[in-house]
Amino acid sequence: MECRICGNKDSQVVYKGRIRDGAFGNYTNHDVEMHQCQKCGAIYHECSRDKEFYESSEYREKMGQKTDDYAVLHDKEVLDKLNYTGTDIFRDKTVADVGCGGGSFLDFVSGAASQVVGIEPTQAFREKLSEKGYHMYTYVGDALKDYEGKVDVVTSFDVIEHVENPRIFMEECFQLCSKGGRVIVGTPTEHPIMRMALGEEYDSFLFSTQHLWVLNKESLELSAKLAGFRNIEVKYKQRYGLGNLVSWLKNKKPMGNVSYPYISESVNKNWMLNSEECGLADYIVVYAEK
Ligand SMILES: [Zn+2]
């Protein structure tokens, strides 16, 4: 099987079994092989998703996200995203968010930006955000006809792992960027600490039909490089605290950032920093320039 990022044909099966299909507790009824490219390290499977699936509200509902209460669920994630991007790059700039969902991140950026472009396959979201004056498109390819070479900052969080080909996704972001424009793309890693602590129990949650890819630092960096970007840097970011690991060990299921009386804020913060410094964090963000 050929890796769509680097073209290498040498892959190794790192997991074979049922994988998550939607929210936790739903699994495929057949075994799926997860392949790891022996050159760039990307992990992938070959179950594809038709585009209509992402364009309907069915996908969001399957993930336990109702389109109606999007802001309630996602406004709190904006702080993390602004921590990844910083706040000093948006003022008077044209900003595009790829996979913007219900627009929580764009809502916070739009006050500083001169122009806001949203790219989102879910039709219900596009309609709502168009009413706010955002320039909405279904896919990056659709936005190119109006915005090729015109976007100063392209952001995209939790999207690249869903696409057929991360290299082509980065190429489209490159086309969207103005000269000197920046791209900031974040994606979950294989979360090596959880895999080490929980083994296959975690693997059947980590690997899912909706995520066609689990990228690592090398494969994300390479996707940006092959797309033509320069000054590329990948940073590790830890999203889940120590309480998440403890609750997984105790309850064998995801419960989010659970607090325990014996884990202080300082211990938790240091554990998260430690995960980032060791290159074992649950999230990576690539920063690059055109
Ligand atoms: Zn590869």
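From the list Lys269, Lys237, Lys253, exactly one residue is open to solvent by 20 Å² or more (accessible area, probe 1.4 Å), touching a residue at least 24 places away in the same chain (Cβ under 8 Å) and more than 19 Å from the chain's Cα centre (by Cα). Which is it?
Just a single option satisfies the conditions, and that option is Lys253.
Checking the structure you have, find out if any residue of the range 26-33 is at pLDDT 90 or above, more than 16 Å from the ligand (Cβ to nearest atom), among the aliphatic types (A, V, I, L, M) and over 20 Å from the mean Cα position of the chain (by Cα).
Taking every residue of the range 26-33 in turn, at least one turns out to be at pLDDT 90 or above, more than 16 Å from the ligand (Cβ to nearest atom), among the aliphatic types (A, V, I, L, M) and over 20 Å from the mean Cα position of the chain (by Cα).
Looking at the range 18-42 only, could you name the residues that are out of contact with any helix residue (DSSP H, G or I) (no Cβ under 6 Å at 6 or more places or on another chain), open to solvent by less than 50 Å² (accessible area, probe 1.4 Å) and assigned to a strand (DSSP E or B)?
Hits for the range 18-42 are Val32, Met34, His35, Gln36, Cys37.
How many residues are open to solvent by 30 Å² or more (accessible area, probe 1.4 Å), under 18 Å from Glu233 (Cβ atoms) and in contact with a helix residue (DSSP H, G or I) (Cβ under 8 Å, 6 or more places away or on another chain) if we restrict to the range 168-199?
The number of residues fulfilling the criteria is 1.
Could you please tell me which pairs satisfy a Cβ distance under 6 Å, a separation of 6+ or placement on different chains, a first residue in the range 19-42 that is within 17 Å of His162 (Cα to Cα) and of a type in the set (Lys, Arg), and a second residue that is more than 16 Å from the ligand (Cβ to nearest atom) and open to solvent by less than 20 Å² (accessible area, probe 1.4 Å)?
Arg20/Ser208
Within the range 83-197, considering only strands (runs of 3 or more DSSP E) that don't extend past its boundaries, which have at least 3 residues that are of a type in the set (A, V, I, L, M, F, W, C)?
On the way: elements: 94-98, 115-119, 135-137, 151-157, 177-188.
In the range 83-197, 94-98, 115-119, 151-157, 177-188 are the strands (runs of 3 or more DSSP E) which contain 3 or more residues that are of a type in the set (A, V, I, L, M, F, W, C).
Would you call Tyr202 outside any helix (DSSP H, G or I), without any contact (Cβ under 8 Å) to a residue 60 or more places away in the chain and among the aromatic types (Phe, Trp, Tyr)?
Values: outside any helix (DSSP H, G or I): no; without any contact (Cβ under 8 Å) to a residue 60 or more places away in the chain: yes; among the aromatic types (Phe, Trp, Tyr): yes.
In short, no.
Of all residues in the range 82-116, which are open to solvent by 60 Å² or more (accessible area, probe 1.4 Å) and of a type in the set (Val, Ile, Thr)?
Thr87
The values are calculated or read from the model by the stated rules, or taken from the named source; none is laboratory data. Remember, it's a predicted structure, so these values are computed and weren't measured experimentally. FYI the Cβ positions are ideal-geometry reconstructions off the backbone, even for glycines, and counts take in every protein chain you see. Protein only, heavy atoms only, side chains kept; ligands, DNA and RNA dropped before computing areas. Shrake-Rupley method; radii C 1.70, N 1.55, O 1.52, S 1.80 Å.
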